[in-house]
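Peer 1: Could you have a look at this structure, given as structure tokens, before my questions?
The values are calculated or read from the model by the stated rules, or taken from the named source; none is laboratory data. These numbers were taken from a predicted model, which means no experiment stands behind them. Quick reminder, even Gly has a Cβ in these numbers, built from the backbone with ideal geometry, and neighbours come from all protein chains shown.
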């Protein structure tokens, strides 16, 4: 039998939020861990290179996801059948892990875990928080599709083995585990280590400098434009009317708009745009000493709730999801909104107005907070 070098853990990440979670866990548990970054966000290679210099992880790998070439069901099946070859371009041949940490059930992560389970059949799996998706019960992203279950069963991977899987989150009581973990207790995820050294490291790793910080009190997260599957032209007009009313109430100089990263056009009501799209809000929040004095506004952006989840901070939140006529995009968000409102120590700091006049009343009510 081939022998492998055993390490405590590995983390499979696709977003900055997941990387920050990996840093939290590794630091709190003092793990000898590797980090695999599936490079689907800007500057992922720079993030990896800078993380290496801080020695948070034993090693950091950036996975070129284009090399997977997934498209048809046939190519998917081949990747599963020849999984060891699929991951050979990034996974060292002589390594295995005690625990596999991941926030999602992305196909590439499942294939990586399948290979690692073959190397160490006793490897455990920890599902850790992935932001809003972790807290929405209506459509759980961790439940495998029938096709995935068949492929995993055929290969004997036991990805969803409840005896070797557990789940952790920042607010465990708000989480409903996936079907295969039904009835199990969700564990507590360690909080972000917020000493100045850690904040300085995050700023350096994600390339945050003084010129890229957000000083405005009001931060507006715009939605994806265009997005015909979710929003009609009429709803975009309503959203822009909200933006105009907000500017009128608080002053254009006091608000900045962060466009959706995948937007092909921007709102045109005169809001000043934040252009450093490569910077994750989680890191920008970490450097805001006045975070609880900020006002976060959006239609359905989970960035409004990140301060509470990651840092236990309670800025004012104005959610616009009840303003629009089309409800497809806001049904799931309503669930998250209600959960976070109950979680706030001062629930009145979260509001979801249903008209322009109510929006203006909410804005006036928080002017002196």
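Peer 1: Among the residues that make up segment 213-221, is at least one of them under 29 Å from residue 105 (Cα atoms), modelled with pLDDT of 95 or more and surrounded by 17 or more Cβ atoms within 10 Å (Cβ to Cβ)?
Peer 2: Let us first name the residues in segment 213-221 that are under 29 Å from residue 105 (Cα atoms), namely 221.
Still in the list and also modelled with pLDDT of 95 or more: 221.
Checking the rest, the ones that are also surrounded by 17 or more Cβ atoms within 10 Å (Cβ to Cβ) come to 221.
The answer is yes; a qualifying residue exists.
Peer 1: Still on this model: I need a count of the residues in segment 218-256 that are more than 12 Å from residue 299 (Cβ to Cβ) and under 23 Å from the mean Cα position of the chain (by Cα).
Peer 2: The total comes to 5.
Peer 1: Turning to a different aspect of this structure: Select from segment 326-357 the residues that are touching a strand residue (DSSP E or B) at 6+ places or on another chain (Cβ under 6 Å) and assigned to a helix (DSSP H, G or I) and list them in ascending order. Spell out how you get there, then give the answer.
Peer 2: To start, the set of residues in segment 326-357 that are touching a strand residue (DSSP E or B) at 6+ places or on another chain (Cβ under 6 Å) comprises 337, 341, 344, 349-352.
The answer is 337, 341, 349.
Peer 1: Among the residues of segment 301-318 satisfying the criterion of being buried (at least 20 other Cβ atoms within 10 Å of the Cβ) and part of a loop (DSSP other than H, G, I, E, B), which is modelled with the highest pLDDT?
Peer 2: 315
Peer 1: Among the residues that make up segment 285-298, is at least one of them within 16 Å of the chain's Cα centre (by Cα), farther than 25 Å from residue 225 by Cβ and not in a strand (DSSP E or B)?
Peer 2: Yes, segment 285-298 has at least one match.
Peer 1: Give just the number: which of (1) more than 18 Å from the chain's Cα centre (by Cα); (2) in a loop (DSSP other than H, G, I, E, B); (3) in contact (Cβ under 8 Å) with a residue 40 or more places away in the chain does residue 364 not satisfy?
Peer 2: (2)
Peer 1: Does residue 189 satisfy being touching a residue at least 24 places away in the same chain (Cβ under 8 Å) and either on the phi > 0 side of the Ramachandran plot or in contact with a helix residue (DSSP H, G or I) (Cβ under 8 Å, 6 or more places away or on another chain) (or both)?
Peer 2: yes
Peer 1: Within segment 236-256, is even one residue in contact with a helix residue (DSSP H, G or I) (Cβ under 8 Å, 6 or more places away or on another chain) and farther than 27 Å from residue 357 by Cα?
Peer 2: Within segment 236-256, none of the residues are in contact with a helix residue (DSSP H, G or I) (Cβ under 8 Å, 6 or more places away or on another chain) and farther than 27 Å from residue 357 by Cα.
Results for (1) surrounded by 14 or more Cβ atoms within 10 Å (Cβ to Cβ); (2) in the same structural domain as residue 97 (by TED's automatic domain parsing); (3) touching a helix residue (DSSP H, G or I) at 6+ places or on another chain (Cβ under 8 Å), shown as yes or no for each residue.
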position	(1), (2), (3)
145	no, yes, no
148	yes, yes, yes
155	yes, yes, yes
159	yes, yes, yes
172	yes, yes, no
179	no, yes, no
184	no, yes, yes
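Peer 1: Given the criteria exposed (fewer than 15 other Cβ atoms within 10 Å of the Cβ) and over 21 Å from residue 275 (Cβ atoms), does residue 209 qualify?
Peer 2: Working: exposed (fewer than 15 other Cβ atoms within 10 Å of the Cβ): yes; over 21 Å from residue 275 (Cβ atoms): no.
When the stated conditions are applied, residue 209 does not pass them.
Peer 1: Taking segment 242-266, which residues are out of contact with any strand residue (DSSP E or B) (no Cβ under 7 Å at 6 or more places or on another chain), over 20 Å from residue 322 (Cβ atoms) and part of a helix (DSSP H, G or I)?
Peer 2: Within segment 242-266, 248, 252, 253 meet the criteria.
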